[in-house]
Amino acid sequence: MVYLDTNVLIYASVNQGTEKKRQALDLIERLIDSETLMLSTLVLQEFVFTLAKLKISNEIIKRDSDFYFGFVGVEYDYGTLREAVDSCCQGDSCKNINDIIHLYLAQKSKCKKLITFDKDFKKLAPPSTLKIEILS
């Protein structure tokens, strides 16, 4: 399974650069076709928040989030939050708490890889053997 960071969904939904949009759409399509796409409740929460912040219509937010709900396989819970807070306080990286939660959720869902456009993930130590792929 492959866990996608929220920004991949954002680039697929909002045209913030033709190349990134195409790259995100192709990736999502490949993962769906291979039945390896993994999303979390945190990804969907951030997705809705970001689209609303970008003033995308509620109809589009509802349509797109309803589609992506079909790929949510891991929930953001108390235990994950607790682990992420402990980790970020040890590493002085609490400003990246959501990214750390994503790492723990990817691990919890037994994903082999997390894919993102966010270069900040490079400085965060992934749990166990999780591979992080940074798209450009």
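Every read-out reported here was derived from the displayed coordinates using simple, explicitly stated rules and does not represent laboratory data. These numbers come from a predicted model, not from an experiment. Counting neighbours? That spans all protein chains shown, and the Cβs are built from the backbone with ideal geometry, glycine included.
For the chain, what D do you get in µm² per second when you plug the Kirkwood radius from alpha-carbon pairs into Stokes-Einstein at 37 °C and 0.692 mPa s?
Values: Rh = 15.1 Å.
Here the translational diffusion coefficient equals 217 µm²/s.
Give the residue list of trypsin sites (Lys or Arg not before Pro) in region 1-88 that are DSSP loop and have at most 15 other beta-carbon atoms within 10 angstrom.
Within region 1-88, the qualifying trypsin sites (Lys or Arg not before Pro) (loop, at most 15 other Cβ atoms within 10 Å) are Lys55.
Only four residue types carry charge here, +1 at the Cβ of Lys and Arg and -1 at the Cβ of Asp and Glu. Report the dipole size of the chain about the Cα centre in Debye, rounded to the nearest 20.
So the magnitude is around 260 debye.
Counting only helical runs of four or more DSSP H residues, what would the 222 nm mean residue ellipticity of the chain come to if each run contributes -39,500 (n - 2.57) and the total is spread over all its residues?
Only helices count here, giving -17500 deg cm²/dmol.
If the rule is a partner Cβ under 4.7 Å, which cysteines in the chain fail it?
So, Cys89, Cys111.
Given Lys20/Lys122; Lys55/Lys95; Lys55/Lys131; Lys20/Lys123; Lys21/Lys53; Lys53/Lys95, which pairs have Cα atoms separated by over 29 Å?
Over 29 Å apart, Cα to Cα: Lys55/Lys131.
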